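**Student:** There's a structure below that I have some questions on.
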Amino acid sequence: MELLSLCMPEIEDIKSAVVIIPFGSIEEHGPHLPLGTDALTAIALTQAVGQKTNALVAPPVYYGVCRSTKEHAGTISITPDALRTLTRAIIEGFVFQGFKRFVLFSGHAGSLHMAALKEVGEELVDREAVERMAICSILDLIDEGLGLETKNDSHAGELETSLMLYLHPEWVKGGAKEDYPHFPSHLLVKEKKKYWPSGIWGNPEVATREKGKQFFVYLVEKLARIVEQVKEQ
Ligand SMILES: [Zn+2]
């Protein structure tokens with residue numbers, strides 16, 4: 001079920017449904033993938049999972065916290081504070097309406113971004129404002145079974161390029177070379193682009209549309225299992 005498609009009387013009967021909120025980012029994804037890649041994959045995955053599990057899929061939060069790519073062209077990053085405030089307000093809005101179970105799923109997996117979502121989740125669970133909640137990113141769903149060729153593939157590489165070739169081939173602009181960031185370990189640096197000019201973390205060269213379909217089906221299955229866990233009494 002998609003929240004945007006429902007009318008007032010329909011809401012009354014589904015208060016026990018799990019609410020899935022997709023999160024994205026507006027972020028560079030190399031020279032070949034659109035800025036909306038994270039949101040677009042999160043929307044597609046959560047819609048498929050919503051159909052499979054009868055969960056209620058909320059409209060996405062398009063903006064996210066992008067620590068490493070803030071300087072790259074097109075990235076529009078918000079602060080962890082802003083994301084925490086918005087996420088808390090959205091969930092409290094659902095709670096006010098009688099919903100109690102939530103899955104926050106993010107197509108963007110930045111560490112500060114995920115930390116902001118988890119902080120809000122922990123706080124809501126702690127004060128029993130929600131009954132049950134799960135939070136995960138697309139990278140949390142990766143395991144051996146997914147069948148990725150590239151180890152350590154995480155941004156605009158094999159996984160995301162394949163998914164976009166499957167979901168939105170019209171928005172994939174050619175290809176890009178395998179690359180990885182070279183940030184100094186432990187040291188925080190301001191000029192992050194200097195250490196990661198390509199904005200690619202993985203190997204888009206081995207991405208295909210067929211793999212995209214296979215990855216999509218696998219990820220839907222894994223996310224659906226998490227939704228089922230949140231549903232359990
Ligand atoms: Zn991404």
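The values are calculated or read from the model by the stated rules, or taken from the named source; none is laboratory data. Keep in mind it's a predicted model, so treat the numbers as computed, not measured. Glycine gets a Cβ as well: all are built from the backbone with ideal geometry, and neighbour counts include every protein chain shown.
**Student:** If Lys15 meets every condition in (1) part of a strand (DSSP E or B); (2) at pLDDT below 95; (3) not β-branched (Val, Ile, Thr) apart from one, which number is that one?
**Tutor:** That leaves (1) as the condition not met.
**Student:** Hey, Arg209 hits all of (1) touching a strand residue (DSSP E or B) at 6+ places or on another chain (Cβ under 7 Å); (2) free of Cβ contacts under 8 Å to residues at least 60 places away in the same chain but one; which does it fall short on?
**Tutor:** Every listed condition holds for Arg209 apart from (1).
**Student:** Another question about this same structure. Filter the range 129-161 down to the residues that are away from the ligand (no atom under 13 Å from the Cβ) and closer than 20 Å to His32 by Cα, then identify the one that is modelled with the lowest pLDDT.
**Tutor:** Going through the qualifying residues, I end up with Asn152.
**Student:** Residues in the range 99-158 that are without any contact (Cβ under 8 Å) to a residue 24 or more places away in the chain, farther than 20 Å from Ala42 by Cα and in a helix (DSSP H, G or I): how many?
**Tutor:** 4
**Student:** Given (1) in a loop (DSSP other than H, G, I, E, B); (2) in contact with a Phe, Trp or Tyr (Cβ under 7 Å, 6 or more places away or on another chain), identify the lone condition not met by Ile91.
**Tutor:** With (1) in a loop (DSSP other than H, G, I, E, B); (2) in contact with a Phe, Trp or Tyr (Cβ under 7 Å, 6 or more places away or on another chain) applied to Ile91, the lone miss is (1).
**Student:** For the condition at pLDDT 95 or above, away from the ligand (no atom under 15 Å from the Cβ) and either part of a helix (DSSP H, G or I) or at positive phi (or both), what is the one hit in Leu40, Leu4?
**Tutor:** It is Leu4.
**Student:** If a residue must be farther than 24 Å from Ile226 by Cβ, under 19 Å from the mean Cα position of the chain (by Cα) and not hydrophobic (A, V, I, L, M, F, W, C), how many such residues does the range 1-26 contain?
**Tutor:** So the answer is 0.
**Student:** Separate question: Testing Leu83 on (1) over 15 Å from the mean Cα position of the chain (by Cα); (2) within 25 Å of Gly199 (Cβ to Cβ), one condition comes back false. Which one is that?
**Tutor:** The one condition Leu83 does not meet is (1).
**Student:** Among the residues of the range 54-68, write down those that are modelled with pLDDT of 95 or more and either closer than 30 Å to Ser198 by Cβ or surrounded by 17 or more Cβ atoms within 10 Å (Cβ to Cβ) (or both).
**Tutor:** Within the range 54-68, Ala55, Leu56, Val57, Ala58, Pro60, Val61, Tyr62, Tyr63, Gly64, Val65, Cys66 meet the criteria.
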